[in-house]
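Colleague: Pasting in a structure now, in structure tokens, and then I'll have a few things to ask.
The values are calculated or read from the model by the stated rules, or taken from the named source; none is laboratory data. Note that this is a predicted model, so its numbers are computed, not measured. Cβ coordinates were reconstructed from backbone atoms using ideal geometry, including for glycine residues, and neighbour counts include every protein chain displayed. These accessible areas exclude ligands, DNA and RNA; they are computed on the full protein's heavy atoms, side chains included. Shrake-Rupley method; radii C 1.70, N 1.55, O 1.52, S 1.80 Å.
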Amino acid sequence: MDEMRYQIDLLTALNENLTVNEKIYRLIFDNSFSAYLYYDFVNKQLRTLGNWKAFFSFDVKNIKDLEQIYDTIKEEEKLKVRELFNLEKTNLDNKCQDFFLIDKGIWVECETSIYQNEKKEAAQKLIRLKNITRYKLQNDELAYMAYYDSLTGLYNRNYFVRILSEWIRKAEKENAIVSVIFIDIDDFRKINDGLGILVGDELVQLFGQYLEHFKTDNVILSHFNSDIYCMAIYEPTANKCADSVFRELQKRLEKPFSLTGQIDLSITVCLGVAEFPEAGNNAMELINYAEIVMFKAKANGKNGIQYFDEPILKEFLYTVKIEHKLKDALLKNNFFLNYQPQFDTKNKKLRGVEALIRWKDQDDSFISPSVFIPIAEKNGTIIPIGSWVIEEGLKTYCSWRKKYNYPLILSLNISALQFRKSEFVNKLLTMTKLYDVEPCFVELEITESVLIDDFDDIVFKMRALREYGFRVSLDDFGTGFSSLSYLKDLPIDTLKIDKTFIDTLSIDESSRIITESIISMVKKLGFETVAEGVEKIEQYEYLKEIQCDCIQGYLLGKPMSAGDIEKIIIDNM
Ligand code: C2E
Ligand code: CA
Ligand code: CA
């Protein structure tokens, strides 16, 4: 009897234990993100477990009910899913995994396993459904990001390079041509800075969408970044080539782009073209060259197309070399100054000197300032170079002054970038104090390019400088837009008439008339006139006759060392 009781207690305890376990398993199943379909091959019993409701709004109790599952799946995926849910096949290696989309917008990963009994027969099948929507979408986005640019929907740079590389390999075999066209919107920075980056982005997007229409099996397109796009054409033809693209673009760009907020934007673009095999034989090289020649189109006045050309590339590489060297030329003390004398036209008395920078390279060759100053202006090195010129010039001036006390004017060339710097005036004042030079002996030569942006601000600065006593001179008059009408608004002391103007004097009567009228008008405005690049005695005689105040040029003195200037000072004392 006791034995019986013991057995019953044991069974109850086991049962209770089983119920607890069952409860735990249920809890886990019901709260999991997965759902399960369990099938018993022997008893033909079908059961759903876990979070089934998260996937389907119906229950599945027998094989017929499976049809409802197939109804939620796209036609082309049905076969695959039927195979996964197949409850007739009992082969033991039937362990499958795949994924599909159901009509709730859920991506389902499905895994099936068949279990065997002691007799090694298929006994049960378990189908697990897992919601992988989040991973799938993330994955799709990553895949998209790997190939496309999110702003324009065009290929991104990496993918473009990949396809272009494939095309080049193919073209090598097929003896074909591949055109690479670099496309850049003109003055995009002005749009971005002036109207804001949102407007800039919208324009980039709209233009990118427009470019998309060029796309064919033989044309690929990419948005690299900012306002830069690149196109490649496999085996261009007369109807589909860089030229035809440019023509078509120009036609489209006659009309503005309509942006939100009723902004109508008209743009122009520059194209640079490099072709395989002529220009290069790999994708990066071709893109690089197309970009380089595109800059040439920009320099030639924008709204243009430029094909790859060896001299342009050479010029570019030379510029890059100079740019690189410029950086340490100052540190290595490779610059020095020459001074070119200026004389009073009437009595040939020394009026002043213009400081002109010289660069002697490591190999003792000279690099002309006409070459490196524009490069230094572009990359900003003109700022330290310009400061060095001011200090060096003032230092030399100070020593002349101490030795000879001759009232000489020191003319310093000041670049636009340098002049525009907010600290320019203060730095100049500090330097003149340091070397004890009176501002009335310092003349700052600026060109019209300084006036292009912020005319009012620049004029304000010129006035301030003149109030401190500095002289201001307008250099290269006759080369820029040289309008006499704005001269009257300029607070300047001196006008330097450019050499190109002087050169034409002896040739034609009309330029004489113009020079005469300029000089007489400028004199009326109270400015001093200095004629530059006077090489011939006739030019000098003529300039004297029309009462040009001062003369600078090879005729009376080339740029020379500080020591040689001292000799001239002594002669003039
Ligand atoms: P620029 O200011 O117009 O200087 C006059 C240029 O004409 C100088 O060339 C000078 O050597 C040259 N020149 C003077 N008289 C004659 C002549 O009778 N015949 C000929 N054929 N040429 C003459 P350089 O020294 O080669 O300077 C070229 C340009 O480089 C300068 O033109 C100026 O724009 C720039 N530059 C020179 N030094 C400096 C500097 O220290 N700072 C800045 N920002 N620019 C400078
Ligand atoms: Ca000058
Ligand atoms: Ca000049």
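Colleague: Give the range 519-533 a look and list any residue that's within 17 Å of Glu445 (Cβ to Cβ) and part of a loop (DSSP other than H, G, I, E, B), or say none.
Modeller: Phe527, Glu532, Gly533
Colleague: May I pose another question? Go through the range 211-247 and count every residue that is open to solvent by 70 Å² or more (accessible area, probe 1.4 Å), free of Cβ contacts under 8 Å to residues at least 24 places away in the same chain and not β-branched (Val, Ile, Thr).
Modeller: So the count comes out to 7.
Colleague: Would a scan of the range 530-539 turn up a residue that is more than 24 Å from Leu356 (Cα to Cα) and either within 16 Å of ligand 1 (Cβ to nearest atom) or of a type outside the set (S, T, N, Q) (or both)? Steps first, please.
Modeller: We begin by selecting, within the range 530-539, every residue more than 24 Å from Leu356 (Cα to Cα); these are 538.
Adding the requirement that they be either within 16 Å of ligand 1 (Cβ to nearest atom) or of a type outside the set (S, T, N, Q) (or both) leaves 538.
Yes, that holds for at least one residue.
Colleague: Still on this model: Among the residues of the range 397-416, how many are surrounded by fewer than 20 Cβ atoms within 10 Å (Cβ to Cβ) and within 16 Å of ligand 2 (Cβ to nearest atom)?
Modeller: Total meeting the criteria: 1.
Colleague: Given the structure, is Leu27 modelled with pLDDT under 90, assigned to a helix (DSSP H, G or I) and hydrophobic (A, V, I, L, M, F, W, C)?
Modeller: On the way: modelled with pLDDT under 90: yes; assigned to a helix (DSSP H, G or I): yes; hydrophobic (A, V, I, L, M, F, W, C): yes.
Considered against the rule, which asks whether it is modelled with pLDDT under 90, assigned to a helix (DSSP H, G or I) and hydrophobic (A, V, I, L, M, F, W, C), Leu27 comes out as yes.
Colleague: Give the range 160-188 a look and list any residue that's open to solvent by 40 Å² or more (accessible area, probe 1.4 Å) and within 19 Å of the chain's Cα centre (by Cα), or say none. Spell out the reasoning first.
Modeller: If we filter the range 160-188 for residues that are open to solvent by 40 Å² or more (accessible area, probe 1.4 Å), which is where we start, we get 162, 166, 169-170, 172-175, 177, 187.
Selection gives Asp187 alone.
Colleague: Let me confirm something: among Ile570, Ile565, which residue is open to solvent by 60 Å² or more (accessible area, probe 1.4 Å), within 26 Å of Tyr404 (Cβ to Cβ), away from ligand 1 (no atom under 13 Å from the Cβ) and of a type outside the set (Lys, Arg)? Spell out the reasoning first.
Modeller: Values: Ile565 fails: open to solvent by 60 Å² or more (accessible area, probe 1.4 Å).
Exactly one of Ile570, Ile565 is open to solvent by 60 Å² or more (accessible area, probe 1.4 Å), within 26 Å of Tyr404 (Cβ to Cβ), away from ligand 1 (no atom under 13 Å from the Cβ) and of a type outside the set (Lys, Arg), namely Ile570.
Colleague: For the list (1) at pLDDT 85 or above; (2) open to solvent by less than 30 Å² (accessible area, probe 1.4 Å), I need the number of the one condition that Tyr554 fails.
Modeller: Just one mismatch for Tyr554, condition (2).
Colleague: Residues to consider are Phe470, Phe477; find the one that is away from ligand 3 (no atom under 16 Å from the Cβ), among the aromatic types (Phe, Trp, Tyr) and buried (at least 21 other Cβ atoms within 10 Å of the Cβ). Talk me through it step by step, then tell me what you get.
Modeller: On the way: Phe477 fails: away from ligand 3 (no atom under 16 Å from the Cβ).
Sole residue among the options that is away from ligand 3 (no atom under 16 Å from the Cβ), among the aromatic types (Phe, Trp, Tyr) and buried (at least 21 other Cβ atoms within 10 Å of the Cβ): Phe470.
Colleague: Right, next: Taking the range 324-339, which residues are modelled with pLDDT of 90 or more and open to solvent by 20 Å² or more (accessible area, probe 1.4 Å)?
Modeller: Listed by number, the residues that qualify are Lys325, Lys332, Asn334, Phe336, Asn338.
Colleague: Shifting gears a bit: Go over the candidates Ile373, Ile383, Ile390 one by one and state the one that is part of a helix (DSSP H, G or I) and away from ligand 2 (no atom under 16 Å from the Cβ).
Modeller: Details: Ile373 fails: away from ligand 2 (no atom under 16 Å from the Cβ); Ile390 fails: away from ligand 2 (no atom under 16 Å from the Cβ).
Exactly one residue qualifies, and that residue is Ile383.
Colleague: Here is a further query. Filter the range 329-355 down to the residues that are farther than 13 Å from Asn572 by Cα and basic (Lys, Arg) and list them by number.
Modeller: Those that are farther than 13 Å from Asn572 by Cα and basic (Lys, Arg): Lys332, Lys346.
Colleague: May I pose another question? Of all residues in the range 368-389, how many are more than 15 Å from ligand 3 (Cβ to nearest atom), surrounded by fewer than 18 Cβ atoms within 10 Å (Cβ to Cβ) and either under 22 Å from Gln342 (Cα atoms) or among the aliphatic types (A, V, I, L, M) (or both)?
Modeller: Total satisfying the criteria: 2.
Colleague: Another question, then. I'm trying to understand the selection: among the residues of the range 272-308, which are within 18 Å of the chain's Cα centre (by Cα) and in a loop (DSSP other than H, G, I, E, B)?
Modeller: Lys302, Asn303
Colleague: Can you confirm whether the range 503-525 contains a residue that is within 16 Å of ligand 2 (Cβ to nearest atom), open to solvent by less than 50 Å² (accessible area, probe 1.4 Å) and not charged (D, E, K, R)?
Modeller: Let us first name the residues in the range 503-525 that are within 16 Å of ligand 2 (Cβ to nearest atom), namely none.
Looking through the range 503-525, none of the residues is within 16 Å of ligand 2 (Cβ to nearest atom), open to solvent by less than 50 Å² (accessible area, probe 1.4 Å) and not charged (D, E, K, R).
Colleague: Could you list, in sequence order, the residues of the range 74-124 that are in contact (Cβ under 8 Å) with a residue 12 or more places away in the chain, assigned to a strand (DSSP E or B) and over 20 Å from Lys53 (Cα atoms)?
Modeller: Answer for the range 74-124, where residues must be in contact (Cβ under 8 Å) with a residue 12 or more places away in the chain, assigned to a strand (DSSP E or B) and over 20 Å from Lys53 (Cα atoms): Cys96, Gln97, Asp98, Ser113, Ile114, Gln116, Ala122, Ala123, Gln124.
Colleague: Sticking with this one: If you check Glu275, Glu291, which single one turns out to be within 24 Å of Ala171 (Cβ to Cβ) and touching a helix residue (DSSP H, G or I) at 6+ places or on another chain (Cβ under 9 Å)?
Modeller: On the way: Glu291 fails: touching a helix residue (DSSP H, G or I) at 6+ places or on another chain (Cβ under 9 Å).
After ruling out the rest, the residue left standing is Glu275.
Colleague: Taking the residues in the range 429-460 that are under 13 Å from Gln418 (Cα atoms) and modelled with pLDDT of 95 or more as candidates, determine which candidate is surrounded by the fewest Cβ atoms within 10 Å (Cβ to Cβ).
Modeller: Filtering first and then ranking leaves Glu445.
Colleague: Pairs under 6 Å by beta carbon, first residue within 16 Å of ligand 3 (Cβ to nearest atom) in the range 428-446, partner open to solvent by less than 30 Å² (accessible area, probe 1.4 Å) and in a helix (DSSP H, G or I), six or more apart or different chains?
Modeller: Ile446/Phe419
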